[in-house]
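First up is the structure itself, then whatever we jot down about it.
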Amino acid sequence: MTRINLVVDGMRVADDIEPRMLLVQYLREKLGKTGTVVGCDTSNCGACTVHLDGRSVKSCNVLAVQADGSEVTTIEGLAQNGQLHPVQEAFRECHGLQCGFCTPGMIMQSVDLLKDNPKPTEEEIRLGIEGNLCRCTGYHNIVRAVQHASGQPVAPNEVTA
């Protein structure tokens, strides 16, 4: 067993864990942060994206011991004082979700993207989220949500017959 100390969603935690435990397993199984989704377990889908020391990472690709001494923010840690984070609110308003499986990882990646590029173009948004996969939405509303969160005008949602 190895002792780790870190801050998760603003709370200091310390645990003895197996050295081979993945960060996604630690967050879900030890801390109950089930918003961090286990998708592919191979770092391909991005459903498990969290922020590690302010940068997005795929938590299925990080050992929990590698996060020792770090700060981790999960999807549960974005909302503050009962208020959704602006990116969460934009996903809700623009229906940037469908089944919801990829949504936590998409939001976490989008927050990181907007931190680096507050007014991204549509192409920059698509490039910025390309490591996160969605099988339902076709990405159109996800891109609209990121544009909306950045304060840019968003084209009306087009409905096709």
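Since every read-out is calculated from the coordinates, none of them should be taken as a lab result. What you are looking at is a predicted structure, and each value in this text was computed from that prediction instead of being measured. We place every Cβ from the backbone using ideal geometry, glycine too, and count neighbours over all the protein chains shown.
Mean-square fluctuations from a GNM of the chain, with a 10 angstrom spring cutoff on Cα atoms, peak among Ser110, Ser59, Ser150 at Ser150.
For Ser70, the residues whose modelled amide H falls within less than 5 Å of its own, excluding neighbours fewer than 5 places apart on the same chain, are Val7. In a shell of Cβ-Cβ distance under 15 Å around Ala90, excluding Ala90 itself, what net charge do Lys and Arg (+1) and Asp and Glu (-1) give? Local charge sum for Ala90: 0. Considering only Gly100, Gly138, Gly82, the Gaussian network model of the chain with Cα springs below 10 Å gives its largest mean-square fluctuation to Gly82.
Cross-link partners of Lys115 among aspartates and glutamates, defined as those whose alpha carbon lies under 20 angstrom from its own and excluding same-chain residues fewer than eight positions apart: Asp9, Asp53, Glu71, Glu76, Glu89, Glu123, Glu124, Glu130. Based on Cα contacts under 8 Å between residues 6+ apart, the chain shows a relative contact order of 23 percent.
Couplings 3J(HN,Hα) of the range 114-130, computed from phi: 5, 5, 7, 9, x, 10, x, 6, 4, 5, 5, 5, 4, 5, x, 10, 4 Hz, in residue order, whole Hz [Karplus 6.51 cos²θ - 1.76 cosθ + 1.60, θ = phi - 60°; x for Gly and Pro]. Computed from point charges on the beta carbon alone (+1 for Lys and Arg, -1 for Asp and Glu), the dipole magnitude for the chain about its Cα centre is near 140 Debye.
Note on the chain: GNM, Cα springs under 10 Å; of Gln83, Gln109, Gln147, the largest mean-square fluctuation is that of Gln83.
Please compute the Cα-Cα pair-distance distribution of the chain with 10 Å bins starting at 0, giving whole percents from short to long. With 10 Å bins starting at 0, P(r) equals 11, 40, 32, 13, 3, 0.
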